[in-house]
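A short reminder: the numbers here are calculations on the coordinates, not readings from a lab. Predicted model, so just to flag it, every value in this text is computed and none were measured. Note that we place each Cβ from the backbone using ideal geometry, even for glycine, and neighbour counts take in every protein chain shown.
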Amino acid sequence: AHGPWALEDILSEEDEQDRVPLQKLKLLGESEELRDLLLNPHLRQLLLTIDQAQDKSSLMRKFMQEPLFVEFADCCLSIVEPPEKENVLPE
């Protein structure tokens, strides 16, 4: 009712270390792999259920046992925080 939220309205200083820069979040929208996953109606229902739940943390613990949800979470993480390449020789 007071206008759009600012990111600071929903994140505390404790959450600062978990914040993903907007530039990296935009990469999620550009991912074909993520888009393909989101076509799955079961995954979409899981995400809707979390979004509408009162106790999101316990539901997240439960859904982290679901292979489809884990695949979704892993895909998102690999986009915003790509794994570092190991054993790469400098050029």
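Worth a mention:
- Cβ charges +1 (Lys, Arg) and -1 (Asp, Glu), total dipole of the stretch 23-80, debye: 240
- More than 19 Å apart - percent of Cα-Cα pairs taken over the stretch 23-80: 30
- Calculated from backbone phi, Karplus (6.51, -1.76, 1.60) coupling profile of the stretch 42-55 in Hz, x at Gly/Pro: 5, 5, 4, 5, 4, 5, 5, 4, 5, 4, 8, 6, 6, 9
- The relative contact order of the stretch 23-80, computed from alpha carbon pairs under 8 Å that lie at least 6 residues apart in sequence, is 50 percent.
- Positive minus negative residues near E71 (Lys, Arg vs Asp, Glu; Cβ under 15 Å): -3
- Computed extension gain for M60 through C75, at 0.36 nm per residue and net of the alpha carbon distance, reaches 3.8 nm.
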